[in-house]
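The values are calculated or read from the model by the stated rules, or taken from the named source; none is laboratory data. Predicted model only: the values in this text are computed from it and were never measured. Cβ placement follows ideal geometry from the backbone for every residue including glycine, while neighbour counts extend to all protein chains displayed.
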């Protein structure tokens, strides 16, 4: 094997090692479940139950790991869902939550909490 080929293979191997170490640091776009303890249908049976679902989102952004803004909390997403409902929501039940994460080269990061719930009035 010539010296040029050996150097080329060594560089290629180094590239694979570095890419394995940095997996997910170049670009990430994933959706993951988040835990939330919510009311069940039995907990709100004394209220008028709706089969309608409401959805809300809350997002936080990070730029260059120096600047951060937004509120990606579960409560913020739930408040957003109640505001988007178009009617008064007394209580929610059967709450489902997810989070969506986008990362581009570690320069920009976005985390969005998505809440979906059934409504009791």
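See the values below:
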{"item": "Complete set of residues in the stretch 22-46 that are modelled with pLDDT of 70 or more, closer than 25 Å to residue 113 by Cα and part of a loop (DSSP other than H, G, I, E, B)", "result": "34, 35, 36, 37, 38, 39, 40, 41"}
{"item": "Lone unmet requirement of (1) loosely packed, with under 15 Cβ neighbours inside 10 Å; (2) part of a strand (DSSP E or B); (3) more than 15 Å from the chain's Cα centre (by Cα) for residue 117", "result": "(1)"}
{"item": "Condition met for residue 95 (modelled with pLDDT of 85 or more, surrounded by 17 or more Cβ atoms within 10 Å (Cβ to Cβ) and within 21 Å of residue 37 (Cβ to Cβ))", "result": "yes"}
{"item": "Of residues in the stretch 60-90 being touching a strand residue (DSSP E or B) at 6+ places or on another chain (Cβ under 7 Å) and without any contact (Cβ under 8 Å) to a residue 12 or more places away in the chain, the one farthest from residue 48 (Cα to Cα)", "result": "68"}
{"item": "Residue in the stretch 4-21 that is out of contact with any helix residue (DSSP H, G or I) (no Cβ under 7 Å at 6 or more places or on another chain), assigned to a strand (DSSP E or B) and either modelled with pLDDT of 75 or more or over 15 Å from residue 117 (Cβ atoms) (or both) present", "result": "no"}
